[in-house]
Amino acid sequence: KKDGIANTFKFYSLELYQRSSERVMLSNGLRRAIERNEFCLFYQPKLNLKTGRIVGAEALIRWQHPELGLVMPSKFIPLAEETGLIVYLSEWVIKQACSQIRQWQQQDLMPIRVSVNLSGRDFKRDRLVENVEQAIAAHEIAPNCLELEITEGIIVSHTSLTKEILAKLRALGIRITVDDFGTGYSSLSYLRNFPIDTLKIDRCFVQNIDKNDSDAAITMAVIDLARALSLEVVAEGVENQAQLEFMKRANCDCIQGFYFSRPVPATEFAGMLAAGKIL
Ligand code: C2E
Ligand code: CA
Ligand code: CA
Ligand code: CA
């Protein structure tokens, strides 16, 4: 038994060591990775439930690390936020998404909306508006092809600068989505005061929709709320037929999730568009 404890301890410290050394490796690498262009965007389709057609995609960042391989955002986005490097990443993501939209348009793939994820830090600087403005101008895309996903948390803890930046972005014609809707606390009054186009129902509600009555009720209430406020509503994390049928019955506008497709590289996404793959 003593042995067991010693082994457990050894195991934990080894794991902790590996985790922290991975962290060091990642944070050292992050700055260099930006310069070396080691990031890429994967795209996950969003589908309109009435037509079954792909209407857009969410761009999700991946890091092609020279030693670690494909690194998922949960491993480095928090780190990028802590170090402030996130603003450079966001800048890159916005440019890359705009360039991709342009490329797909030139290939005569139907005009597609691409959403990118932003972080709270991005709303602490006025530069964001400039970045977005420059990216859409440089790639000559229609501003309403670009959508920004902002978590409810960012909006709830907003400052006057956040509000000002959002208003400027909206004035450019960019669409704004509230991501992870329902997971940030308190008041819904921001829905009245913020320039928003879309609510995205968080995966945590969608997951147990067929087993948990309150998740189902919350989801239906969010869809009704969106309808009443003339907002679009998207359900994320739809993984199976039952969840899909629920969203259809509940009159949700769009879905996204593994049921139709995982996030895929740009060429693969273009392939789905070209083939006219439908739900
Ligand atoms: P998110 O914005 O909530 O993005 C959705 C996440 O759910 C993605 O994970 C996606 O792969 C996953 N997902 C989609 N459909 C399903 C499904 O049916 N089942 C399950 N289990 N998962 C599904 P991913 O790509 O690992 O991204 C994780 C988070 O990292 C994102 O959550 C977002 O908060 C952040 N992130 C990703 N890309 C960026 C980026 O470019 N910038 C910033 N600031 N954050 C990013
Ligand atoms: Ca998102
Ligand atoms: Ca989300
Ligand atoms: Ca989420």
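The values are calculated or read from the model by the stated rules, or taken from the named source; none is laboratory data. This one's a predicted model, so the numbers in the text were calculated from it and none came from an experiment. Please note: Cβ atoms are built from the backbone with ideal geometry, for glycine as well, and neighbour counts cover all protein chains shown. The accessibility values were calculated without ligands, DNA or RNA, using every heavy atom of the protein model including side chains. Shrake-Rupley method; radii C 1.70, N 1.55, O 1.52, S 1.80 Å.
Which far-off residues, 5 or more places away or on another chain, put their amide H under 5 Å from the one on K46, with H placed in the peptide plane?
Correct list: V55, G56, A57, E58.
Using 0.36 nm times the number of residues separating Y190 and D213, minus their current alpha carbon distance, what extension gain do you get?
5.6 nm
Mind ordering 93-102, 24-33 by average Cβ neighbours within 10 Å, highest first?
93-102, 24-33
More than 20 Å apart: what percent of Cα pairs in segment 63-150 qualify? Provide the component values of the computation, followed by the final result.
Numbers: 1535 of 3828 pairs.
Summing the P(r) of segment 63-150 above 20 Å gives 40 percent of all pairs.
Using θ = phi - 60° and the Karplus curve 6.51 cos²θ - 1.76 cosθ + 1.60, what whole-Hz ³J(HN,Hα) does each residue of segment 273-278 get, with Gly and Pro shown as x?
4, 5, 6, x, 4, 10
Going down the table (K124/K168; K95/K124; K50/K200; K163/K248; K46/K248; K50/K277), which pairs top 23 Å between alpha carbons?
Exceeds cut-off: K163/K248.
Using the Cα centre of the chain as origin and beta-carbon charges of +1 (Lys, Arg) and -1 (Asp, Glu), tell me which of N212, M272, V93 is placed farthest towards the positive end of the dipole.
Going by the charge dipole, the pick is V93.
With just the Cα atoms of segment 176-270, tell me how far they stretch along each of the three principal axes, in Å, largest first.
Sorted from largest, the Cα extents of segment 176-270 read 39, 33, 22 Å.
Cα centroid distance between segment 163-180 and segment 118-141, in Å?
11 Å
Relative contact order (percent) for the chain, with alpha-carbon contacts under 8 angstrom and 6 or more residues of separation?
That works out to 19 percent.
Over segment 42-168, what is the mean sequence separation of C-alpha contacts under 8 Å (at least six apart), divided by residue count, expressed as relative contact order in percent? Display every interim value, and only then the final one.
Values: 149 pairs, mean separation 28.3, N = 127.
Relative CO of segment 42-168 lands at 22 percent.
Using only Cα atoms, what is the ratio of the radius of gyration of segment 15-125 to 2.2 N^0.38 Å?
Normalised Rg, Cα atoms only: 1.22.
On the accessible surface of the chain, probed at 1.4 Å, how many percent belong to carbon and sulfur atoms?
Accessible surface attributable to carbon and sulfur in the chain totals 52 percent.
Using θ = phi - 60° and the Karplus relation 6.51 cos²θ - 1.76 cosθ + 1.60, list the HN-Hα couplings for segment 76-93 in order, rounded to whole Hz, with x at every Gly or Pro.
Using θ = phi - 60°, the values come out as 10, 5, x, 5, 5, 5, 4, 8, x, 5, 4, 5, 6, 4, 4, 4, 5, 4 Hz.
When the expected Rg is taken as 2.2 N^0.38 Å, what fraction or multiple of it is the alpha-carbon Rg of the chain?
Ratio of Rg to 2.2 N^0.38 Å for the chain: 1.08.
Stokes-Einstein diffusion coefficient for segment 99-190 at 37 °C in a medium of 0.692 mPa s, Rh from the Kirkwood formula over Cα pairs: what value in µm²/s? Walk me through the numbers before you get to the answer.
Working: Rh = 14.0 Å.
The Stokes-Einstein estimate is 234 µm²/s.
Taking a probe of 1.4 Å, how large is the accessible area per residue of the chain, in Å²?
On a per-residue basis, the chain sits at 51 Å².
Can you pull the three principal axis extents for the Cα set of segment 147-223, in Å, largest first?
That works out to 42, 23, 16 Å along the principal axes.
Report ³J(HN,Hα) in whole Hz for each residue of segment 24-29, in order, from the Karplus equation J = 6.51 cos²θ - 1.76 cosθ + 1.60 where θ = phi - 60°; Gly and Pro get x.
4, 4, 5, 6, 4, x
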